[in-house]
1. Ignoring ligands and nucleic acids, what accessible area does Arg87 show with a 1.4 Å probe (Å², nearest 10)?
2. Can you sort Lys384, Lys105, Lys113 by 1.4 Å-probe accessible area, starting with the largest?
3. With Cα extents along the principal axes in Å as the read-out, I listed (1) 123, 71, 48; (2) 61, 54, 43; (3) 74, 43, 41; which label goes with the value calculated from this structure?
4. Heads up, I need the accessible area for Asp177: 1.4 angstrom probe, whole protein in place, Å², nearest 10.
5. Going by Cα centres, segment 32-98 and segment 135-151 are how many Å apart?
6. How large is the accessible surface of Thr309 in square angstrom, using a 1.4 angstrom probe and rounding to the nearest 10?
7. Output wanted: per-residue J couplings in Hz (rounded whole) for segment 320-334, from phi through Karplus 6.51 cos²θ - 1.76 cosθ + 1.60, θ = phi - 60°, x for Gly and Pro.
Amino acid sequence: MIISVSKLNEQAKTLLELNLSNLNVKGEISRLTKHSSGHWYFTLKDKDASVSCAMFRFNNQLVKFDPKDGDEVVLEASASIYKESGRYQLIVKSMKEAGTGDLEKAFLELKEKLLKEGLFSQDHKKPLPKFPSKIAVITSIGSAAYEDIIKTAKVRFDLCKFYFYNSLVQGNLAANDLIKALKKADLVGYDAIVLARGGGSKEDLWCFNDEGLARAIFEAKTPIISAVGHEIDFSISDFVADHRSITPTASMIDLLPDKNELMQKIDNLETNFKKAIKERFLNAKNKVLNLELSFKKIALNSKIEMSFTNLKDIEHKLNFAIQGKISKFESDLAIKKALLEEKNHFFSITKNLIQVQKDGKNISLNDLENGDIITLYSQTTSKKATII
């Protein structure tokens, strides 16, 4: 007998609801979403498995506490299937607190341990550079966090050079990957290192709660910024880093000066400096006039005129010196802008060029033989290939 997908899901839904009703299930809440309709959607999990859950408004209004991610709860529920997608889920009737979840407990225990050891102490925090010239960013290249950092950096301060270290930022292998990248970057001598990852569930961000990563951050000689998740997300790396930014985008705002503000400050300084000089000359001129009036009777006009001449000469020299300083600054800024445009042009015209390496060394196409395993490098990525 052939049946439709919708009929299959309908029969499976009926089968589950008849055989798995009035269940009491214990687990930890994750990815809790409180919909504008009033309904709650979340995942219930333990260390080995997870299941999707839905708790509708008329039931969740009776819950006597405010549930959040990490809470361990006991649910009274029935198993069902969401017919449109065939997704297996629990329809929750009631929810009771069961204690702190395993992940939350592990997080709090490690936080308390490192706090007692002094890894979070302000005495060990290194200041961020005021005008950084080279910054390392450790993240997943191509991710939203990577794109946000590039875009924000170009807008704020395009004279700073960035060096990206590609790393896993999720999963069991991510912590070791982050530690390797951090230790490698710390040896170079950057002005700052940014650990960046966009938002996600507590499980997605768990690698940033690794004790080994926390100790690597603490031992680093370079100032470290932790820019993980969103404002409401906290990880161990946030507490041990020299600075916590609420998002990857915010890390660039926290670290880089705003070039437009800098230009305005320079203009204001020039205006205030000229105003101060003008006031000084005006005060001096008034003093001379007063002296002229005081000593008119003893014929000091010639000396006073000489003083005015000297004063004008000094004013001329000072204005010339000020203008020279301003011209030099404008010239330096123009040179840096030209260098940046030249680098951007070089980047643009060479972005499609490919470098061929075999065994870590550059090699020409003429020297390759069938079966050789090579690595192709572009400016932004690399690929393995075999010559046939």
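1. 110
2. Details: Lys384 160, Lys105 110, Lys113 90 Å².
Correct descending sequence by accessible area is Lys384, Lys105, Lys113.
3. (1)
4. 50
5. 34
6. Probe radius 1.4 Å; accessible area of Thr309 about 80 Å².
7. Karplus-based 3J(HN,Hα) across segment 320-334 equals 5, 5, 4, 4, x, 4, 4, 4, 5, 4, 4, 5, 4, 5, 5 Hz.
The values are calculated or read from the model by the stated rules, or taken from the named source; none is laboratory data. What you see is a predicted model; the values in this text were computed from it and never measured. The accessibility values were calculated without ligands, DNA or RNA, using every heavy atom of the protein model including side chains. Shrake-Rupley method; radii C 1.70, N 1.55, O 1.52, S 1.80 Å.
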